[in-house]
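A short write-up of the structure that comes next.
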Amino acid sequence: MLVKDIMKSEVYSLYADQTIELADAWMKKYGIRHLPVVDTGKRVIGVMSRSDLDKLRVFAQLKTNEISKFANNTNCVCDFMKQDVITVSPECSVEEAAQILWENKFGCLPVESNGKLIGIVTQSDFLKLIFSSCLNTTPIYHVA
């Protein structure tokens, strides 16, 4: 099985100069935990995660709805995103992708083709795959 078989192809992304408030709002609105950060050519340059935002709140001792008051005059995604991002191709095996997630303690892997973001695979996608395998059922995946 390949990453393209389990990835979400409808993926929301941010540009590095967008705000952490926007990242927070999109995560809440769309019920997601990871937002790849891309350059103008749609190449992945970072990832902003729900846990990154939660750490900012704890660090600043803020309530959930006060994140917009944080960041010492900066609230740019580029200042808080993880930059050590590994991407995979849609042709990568799910076993290899799972190993990358596990070894690096990542919550997601952006999927790129020809240097452009085309999807994302998350821990939840692997849990769905395991769950469906345990029950011997056909996995239910998000279809864009």
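Just so you know, all these numbers are worked out from the coordinates, no wet-lab data involved. Note that the coordinates shown come from a computational prediction; the quantities given were computed from them, not determined experimentally.
Points worth noting:
- For region 1-47: rounded, prolate or oblate by the Cα gyration tensor [a/c cutoff 1.5]: oblate
- Distance between region 1-25 and region 98-120 - C-alpha centres, whole angstrom: 11
- Within straight-line reach of residue 128, meaning a Cα separation under 25 Å, sit the following lysines at least 8 residues removed in sequence or on another chain: 4, 8, 28, 29, 105.
- Integer Hz, Karplus 6.51/-1.76/1.60 couplings in order for region 6-20, x for Gly and Pro: 10, 6, 8, 8, 8, 10, 8, 9, 10, 9, 4, 8, 7, 8, 5
- Rounded to the nearest Hz, the phi-derived 3J(HN,Hα) couplings of region 123-131 under the Karplus curve 6.51 cos²θ - 1.76 cosθ + 1.60 (θ = phi - 60°) are 3, 4, 5, 6, 5, 4, 5, 5, 4, where x marks glycine and proline.
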